[in-house]
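The values are calculated or read from the model by the stated rules, or taken from the named source; none is laboratory data. Please read these numbers as outputs of a predicted model, since none were measured by experiment. Note: ideal-geometry Cβ built from the backbone for every residue, glycine included; neighbour counts use all protein chains shown.
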Amino acid sequence: MTQAEIVPLPLSTGTLTPEIPTGTSARDIALADLPNVVASPTGIRKLTQDTLGLHDEQLIVPTYDRSALTPAVVHFSVGGFHRSHQLLYFDEVAERRISDAWGVVGVGLHSRHMKDALAPQDHLYTVVERSPDGERARVVGVMVDYHFAPDDPAVVLDLLTDERIRMVSLTITGSGYRLCPDSGDFDADDVDIRWDLTETASPRTVFGYIVEALDRRRRAGLPPFTVVSCDNMHRNGDAARAAIVGFARLRDEVLARWITDRVSFPSSMVDRITPHTTPEQREAVAQRYGVDDNWPVITEPFSQWVIEDDFCNGRPPLDLVGVRFVPDVARYELMKTRLLNASHCALGYLGSLAGHTSIDRVMADPLLAEYAEQLMDAEVLPLLPPPDGIDLVEYEQSLLKRFANPAIADQLYRLCRRGSTKMPHHLLPSLREALVAGRPHALLTVAVAAWFVYLRGVDADGRPVVIDDPNADLLQRLSLAGGTDPRPLLGVRSIFGDLGDDPVFVAELTDALVRIDRDGVRTTVAAALLRSGRLHP
Ligand SMILES: NC(=O)c1ccc[n+]([C@@H]2O[C@H](COP(=O)([O-])OP(=O)(O)OC[C@H]3O[C@@H](n4cnc5c(N)ncnc54)[C@H](O)[C@@H]3O)[C@@H](O)[C@H]2O)c1
Ligand SMILES: O=P(O)(O)OC[C@@H](O)[C@@H](O)[C@H](O)[C@H](O)CO
């Protein structure tokens with residue numbers, strides 16, 4: 001892949017327009033929180049199939065026949081990212097008249113907010129790409145239906161058994177795979193999983209749905225569908241396979257073997273920074289484009305999707321719209337997770353402790369911006385095998401610009417959530433490799449220290465910070481118990497492995513914790529940069 005290919009997904013029409021003021025509220029969107037834009041007297045219209053084309057002329061709308069789309073993809077857990085990324089690629093396939101055979105149906109499992117938002121607007125929604133130079137907005141039409149599964153599990157099972165469905169994709173988050181970090185085995189210790197093992201016609205989890213549907217397809221002599229994980233995880237396809245086969249094995253060994261033999265689980269690398277939409281942003285979209293969209297998506301211009309070329313029931317023609325199919329995604333995934341996602345974690349915790357709420361503000365702080373650059377440049381990047389045709393230094397520079405994008409003002413609380421599932425995949429492997437190789441790791445160590453302090457639940461000024469983590473209670477308890485002694489937390493081997501057995505690392509981490517408590521986070525970062533020779537007094 002050349003650097004030129006890592007570019008914004010091209011929109012079919014439309015130009016960049018001057019920037020509008022953006023809201024910077026850190027509050028997550030909930031439908032109930034949103035202002036009732038429809039009542040505005042300014043000629044703002046609801047977004048529906050019938051009103052397409054009647055909004056501001058700058059709003060790009062689908063020009064293809066939506067009613068001709070064949071549902072072929074079912075996506076579980078439609079959040080902001082699925083709507084800013086995968087759906088846009090499929091939309092482009094339809095918009096460029098490449099094929100109308102790849103319509104997408106969304107399925108939600110946990111909250112009906114998305115259904116309540118999308119159903120009244122014919123499953124249309126707006127994606128606004130924002131850069132410091134301007135923005136452009138596009139209505140996406142490729143989602144043909146959406147189901148909130150608890151309303152009618154039978155309908156979702158029928159859909160998944162429909163032979164037109166050739167691919168199932170997932171953004172269920174890293175913890176959603178229920179894989180034990182030590183053994184890699186599927187963790188069945190959950191009331192909903194137990195339910196799904198017996199009540200197969202009314203599942204509650206994604207595993208219950210997928211495995212029951214595959215069983216029905218097998219019995220009916222139908223081909224299976226490909227399962228594409230789009231979660232930021234190491235070898236996400238393998239994770240999906242381990243979870244789905246692991247669940248199937250608890251039901252029926254023969255079925256598990258059929259899935260192993262017949263279903264493809266390509267790993268993928270997905271990238272597009274997509275913050276949570278704020279009520280202020282929704283209001284701004286309405287005012288600017290005259291469109292009353294219940295839940296627009298704000299994102300950056302950059303987008304990238306690399307997938308292993310392994311599809312058991314037809315490959316969507318995504319290569320024609322910028323997706324790269326490769327034999328092995330490992331190097332792309334390592335590049336992205338260890339540079340982008342690890343930096344997100346580090347800057348999330350350090351920035352929060354320093355009192356910031358969005359990453360563009362962190363990057364506007366010269367010391368923390370220097371930290372971000374040196375973390376990647378000096379400590380992470382030298383450990384990485386470069387993917388074909390990608391200049392890692394150029395990639396790193398592009399990340400620094402993307403992080404600094406004030407037009408999307410990505411929320412730090414979003415970057416800080418689920419640390420216990422992200423740090424072990426994104427940041428700790430670099431630390432471990434640096435320790436083994438005797439390479440510099442002071443900046444990685446400061447990031448771990450910042451996470452430990454963050455887990456106490458307050459920032460440097462005593463303001464509360466959000467600990468949104470499946471292991472929040474345990475982590476907070478151990479962090480508070482340890483104080484500047486990291487050993488209680490490091491003892492959680494499912495997260496830290498044997499890092500706590502390394503006395504040199506324990507001493508370095510202790511030192512970083514003492515410094516943060518005594519001198520504050522910025523002084524600690526400056527000291528680490530000085531010690532690593534990366535900041536000149
Ligand atoms: N937002 C981004 O910038 C971005 C970019 C690349 C990848 N991703 C990945 O996409 C995934 C979703 O991110 P998002 O930004 O859309 O988040 P989001 O908060 O908007 O949506 C998350 C979705 O996951 C669902 N979910 C949570 N736990 C689940 C579980 N155990 N089983 C099934 N569904 C579950 C939620 O109900 C929700 O629909 C994450 O894994 C994230 O790493 C996000
Ligand atoms: O979504 P998470 O919680 O796994 O991670 C937060 C961010 O690092 C992540 O969503 C990035 O924005 C994304 O990976 C960019 O492509």
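Look at (1) in contact (Cβ under 8 Å) with a residue 12 or more places away in the chain; (2) more than 26 Å from the chain's Cα centre (by Cα) and you find that A256 fails only one, number (1). Set side by side, the residues T24, T15, T70 differ, and just one is at pLDDT 95 or above and either of a type in the set (S, T, N, Q) or not assigned by TED's automatic domain parsing to the domain that holds R272 (or both), which is T70. Being surrounded by fewer than 22 Cβ atoms within 10 Å (Cβ to Cβ), out of contact with any helix residue (DSSP H, G or I) (no Cβ under 9 Å at 6 or more places or on another chain) and without any contact (Cβ under 8 Å) to a residue 60 or more places away in the chain is a property that holds for V436. For the range 313-333, a tally of residues being surrounded by fewer than 22 Cβ atoms within 10 Å (Cβ to Cβ) and in a helix (DSSP H, G or I) returns 6. Taking each residue of the range 130-147 that is closer than 14 Å to Q58 by Cα and looking for partners that are modelled with pLDDT under 95 with beta-carbon atoms closer than 6 Å, six or more apart or interchain, yields G134/L16; G134/T17; G134/P18; G134/E19; R136/G14; R136/L16; R138/L11.
Per-residue answers, yes or no, for (1) closer than 28 Å to V155 by Cα; (2) polar (S, T, N, Q):
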| site | (1), (2) |
| --- | --- |
| L52 | no, no |
| E57 | no, no |
| L69 | yes, no |
| V74 | yes, no |
| G79 | yes, no |
| Q86 | yes, yes |
| D91 | yes, no |
| R96 | no, no |
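When A526 is tested against (1) under 29 Å from the mean Cα position of the chain (by Cα); (2) at pLDDT 95 or above, only condition (1) is not met.
Scoring T260 on the criteria (1) surrounded by fewer than 23 Cβ atoms within 10 Å (Cβ to Cβ); (2) closer than 23 Å to R414 by Cα; (3) among the polar types (S, T, N, Q) leaves a single failure, condition (2). In the range 77-99, the residue that is nearest to R138 (Cα to Cα) out of those that are away from ligand 1 (no atom under 13 Å from the Cβ) and either without any contact (Cβ under 8 Å) to a residue 12 or more places away in the chain or small (G, A, S) (or both) is A94. So is Q58 more than 16 Å from ligand 2 (Cβ to nearest atom), in contact with a strand residue (DSSP E or B) (Cβ under 7 Å, 6 or more places away or on another chain), at pLDDT 95 or above and not acidic (D, E) or not? It is true that Q58 is more than 16 Å from ligand 2 (Cβ to nearest atom), in contact with a strand residue (DSSP E or B) (Cβ under 7 Å, 6 or more places away or on another chain), at pLDDT 95 or above and not acidic (D, E). Checked against (1) under 18 Å from the mean Cα position of the chain (by Cα); (2) of a type outside the set (S, T, Y); (3) part of a loop (DSSP other than H, G, I, E, B), R414 passes all but a single condition, namely (3). If the condition is being touching a Phe, Trp or Tyr at 6+ places or on another chain (Cβ under 6 Å), of a type in the set (A, V, I, L, M, F, W, C) and free of Cβ contacts under 8 Å to residues at least 60 places away in the same chain, then the range 165-219 contributes F207, V211.
Listed here are the residues, each with its yes/no results for (1) among the acidic types (D, E); (2) within 16 Å of ligand 1 (Cβ to nearest atom); (3) outside the structural domain of F81 (by TED's automatic domain parsing).
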position	(1), (2), (3)
V127	no, yes, no
A137	no, no, no
V140	no, yes, no
F148	no, yes, no
D152	yes, no, no
D158	yes, no, no
E163	yes, no, no
G174	no, yes, no
Y177	no, yes, no
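Considering only residues in the range 300-312 that are within 18 Å of S169 (Cβ to Cβ) and either outside the structural domain of D271 (by TED's automatic domain parsing) or crowded, with 19+ Cβ neighbours inside 10 Å (or both), the one that is farthest from ligand 1 (Cβ to nearest atom) turns out to be E308.
I298 passes every criterion in (1) in contact with a Phe, Trp or Tyr (Cβ under 8 Å, 6 or more places away or on another chain); (2) hydrophobic (A, V, I, L, M, F, W, C); (3) farther than 26 Å from P266 by Cα apart from (1). Assess whether Y395 counts as being under 30 Å from E129 (Cβ atoms) and touching a residue at least 60 places away in the same chain (Cβ under 8 Å). Here the answer is yes, as Y395 does meet what is asked.
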